[in-house]
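The values are calculated or read from the model by the stated rules, or taken from the named source; none is laboratory data. Nothing here was measured: the structure is a model prediction, and the numbers come from that model. Cβ coordinates were reconstructed from backbone atoms using ideal geometry, including for glycine residues, and neighbour counts include every protein chain displayed. Side chains included, ligands, DNA and RNA excluded: accessible areas come from the protein's heavy atoms. Shrake-Rupley method; radii C 1.70, N 1.55, O 1.52, S 1.80 Å.
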Amino acid sequence: MKKLIAGNWKMNGSLAANEALLTGIKSGLASVASPCDVAVCAPGIYLPQVRSLLSGSDVAWGAQDVSAHESGAYTGEISGAMLREFACRYALVGHSERRQYHGETDVVVAAKAQRALAFGVTPIVCVGESLTVVKRQLAAVIHAVGHCVSEVVVAYEPVWAIGTGRTATPAQAQEVHAVLRAQLAAACSRGSGPRILYGGSMNAANATELLAQPDIDGGLIGGAALKVPDFLSIIEAASAAR
Ligand code: PGA
C-alpha cells in the first residue's frame, strides 16, 4: 500500500500563503517518481480555495474537523455533507488539540468518524497519549464504526511530540503502531486494514527512519507541512520508502 503524507495546517494560512504553498507542492510533486499519496487538511474557510487550486492534481484535501451532527442548530460547526460538497477526501477527527481545548471525548470523536464515513469522507482518527489511552481511544471508534473500520485512517500522535521538536524514536513509534495494527486487525474482517500514520514533529531529517518502520504507513505533519521544501522532503522520503 502507498504511504500517505497528510499536512495538518492547523490555524495557519492566508489566501496568499496557501496559494504559494500549494503551487510549490504541486510543482515539486511533479518531479517525484511514483509519489506517495499526499493530502492537506486546511482550515474550513479555505476549502473552496484549496479545492480550486488542487482540483485535477495528485494532492487530495481535507478538513481539520467535522460535526458529529447531521445539520441544524450547531453554530460554528461544519457538516459531513458540506465537506463532501467541497470534495474533501479526508477529515481529521479527534486531534489532541481538539480533545484538549474543546473537550472532545472518545464518544464524540467516534461519532465524528461515523458521520464522516456516512458522507464518503475518510476520517483520519487521531489517537495519542499512553498505550492504555490510545487503545481506549481506538476502541471507541471501532465500536462506533464496526466493519467500516477498514475505511478509516488512524494517526498515532504522542501528545508530547506535537509541535515540540521531540519525536518518538522509530522503535517507540513502531511498538505502538504494532499494537494498534493488531487491535485493528482483530476488528477488520477483510482487507489489509486502515493505514496508521505517525505524527508529532515529523520532519525532513527524521522522516526516512520513521517511515522505514514496517507498521508506519505515513505521516501527519504539522509545522513542516507549512514549508514547501520540508513537506516535499517528507513526501520524497515516503515515496522512496514503499
Ligand atoms: P507537528 O504537528 O508536526 O507540528 O508536531 C503534528 C500534528 O499536530 O498533527
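Residue 151 contributes about 90 Å² of solvent-accessible surface, heavy atoms of the protein only, 1.4 Å probe. Extents of the range 4-241, largest first, come to 45, 41, 34 Å (Cα atoms, principal axes, whole angstrom).
If you roll a 1.4 Å probe over the chain with all protein chains in place, what percent of the accessible area is carbon or sulfur? Intermediate results must be reported in sequence, preceding the final value.
Values: 5780 of 10540 Å².
Here it works out to 55 percent.
Electrostatic tally near residue 98: other residues with Cβ closer than 13 Å to its Cβ, Lys and Arg +1, Asp and Glu -1, net -3. For the range 117-220, compute Rh as the Kirkwood radius over C-alpha pairs and then the Stokes-Einstein diffusion coefficient at 37 °C and 0.692 mPa s; write the answer in µm²/s, rounded to an integer. Calculated translational D: 239 µm²/s. Accessible surface of residue 1, taken over heavy atoms with a 1.4 Å probe and every protein chain present, rounds to 140 Å². With only Cα atoms counted, the range 66-136 has Rg and Dmax values of 12.2, 37 Å.
Using heavy atoms of the protein chains and a probe of 1.4 Å, the accessible area assigned to residue 164 is about 70 Å².
All other residues whose Cβ lies under 13 angstrom from that of residue 108 are scored, Lys and Arg at +1 and Asp and Glu at -1, for a net of 0.
Here the range 4-241 is treated with +1 on each Lys and Arg Cβ and -1 on each Asp and Glu Cβ, and its dipole about the Cα centre works out to around 200 debye.
Between 168, 87, 16, the Gaussian network model of the chain with springs among Cα atoms under 10 angstrom shows the greatest mean-square fluctuation at 16. Residue order by solvent-accessible surface for 61, 9 is 61, 9, largest first, with ligands and nucleic acids left out and a 1.4 Å probe.
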